[in-house]
Ligand code: FES
């Protein structure tokens, strides 16, 4: 499930951590970078690779929104609606994105281009409202800017 290159990275990381359990996050991230999401099989694989309970891996995957529990579209739009963003229009932003793309939260557009999810704080509270598109942050974003962005990515 992990490429040879990533398996080598895991081996290089091992001496830096006291337990293999501490490698759960980086290994899951490598899996997601390779496959786009974390399947049940992937969780089992990680548990066996690191010799940790699968319940631990499941707990990590379901705790952090950065791990996709199902396949996502080419562009994964994660809209923050935590306190700062909510007070600065995060919920309107979330609803606008869903309405504009014709999807509900967690859904992917029929052309597999966009997936919209609602997430907890992404650590960019000072520039609320914000959303993350794949690995990029879009901060202090207005509804007009969202429309322009979606147009560009369509
Ligand atoms: S509340 Fe949205 S980034 Fe922190």
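What follows draws every value from the coordinates through simple rules; no lab data is involved. Quick caveat: nothing in here was measured; it's all calculated off a predicted structure. In this analysis, Cβ positions are derived from the backbone assuming ideal geometry, glycine residues included, and neighbour counts consider all displayed protein chains.
Just to be sure before I move on: is residue 89 on the phi > 0 side of the Ramachandran plot and within 16 Å of the ligand (Cβ to nearest atom) in the structure I sent?
On the way: on the phi > 0 side of the Ramachandran plot: yes; within 16 Å of the ligand (Cβ to nearest atom): yes.
Yes: the conditions hold for residue 89.
Considering only the range 72-97, how many residues are under 14 Å from the mean Cα position of the chain (by Cα) and either surrounded by fewer than 21 Cβ atoms within 10 Å (Cβ to Cβ) or outside any loop (DSSP other than H, G, I, E, B) (or both)?
Residues of the range 72-97 under 14 Å from the mean Cα position of the chain (by Cα): 72-80.
Subset that is either surrounded by fewer than 21 Cβ atoms within 10 Å (Cβ to Cβ) or outside any loop (DSSP other than H, G, I, E, B) (or both): 73-80.
So the answer is 8.
Would you mind telling me which numbered condition in (1) surrounded by 14 or more Cβ atoms within 10 Å (Cβ to Cβ); (2) within 15 Å of the chain's Cα centre (by Cα); (3) in contact (Cβ under 8 Å) with a residue 24 or more places away in the chain; (4) farther than 23 Å from residue 138 by Cα residue 37 fails?
Unmet condition: (4).
Assess whether residue 94 counts as being over 26 Å from residue 58 (Cα atoms) and within 14 Å of the ligand (Cβ to nearest atom).
Numbers: over 26 Å from residue 58 (Cα atoms): yes; within 14 Å of the ligand (Cβ to nearest atom): yes.
Yes: the conditions hold for residue 94.
Name every residue in the range 106-135 that is away from the ligand (no atom under 15 Å from the Cβ) and exposed (fewer than 14 other Cβ atoms within 10 Å of the Cβ), in order of residue number. So that I can check it myself, show each step before the final result.
So in the range 106-135, the residues away from the ligand (no atom under 15 Å from the Cβ) come out as 106-116, 134-135.
Result: 106, 110, 111, 112, 134, 135.
How many of the residues in the range 98-129 are assigned to a helix (DSSP H, G or I) and more than 20 Å from residue 70 (Cα to Cα)? Spell out how you get there, then give the answer.
Residues of the range 98-129 assigned to a helix (DSSP H, G or I): 98-101, 125-127.
Restricting the remaining residues to those that are more than 20 Å from residue 70 (Cα to Cα) gives 99-100, 125-127.
Number of matching residues: 5.
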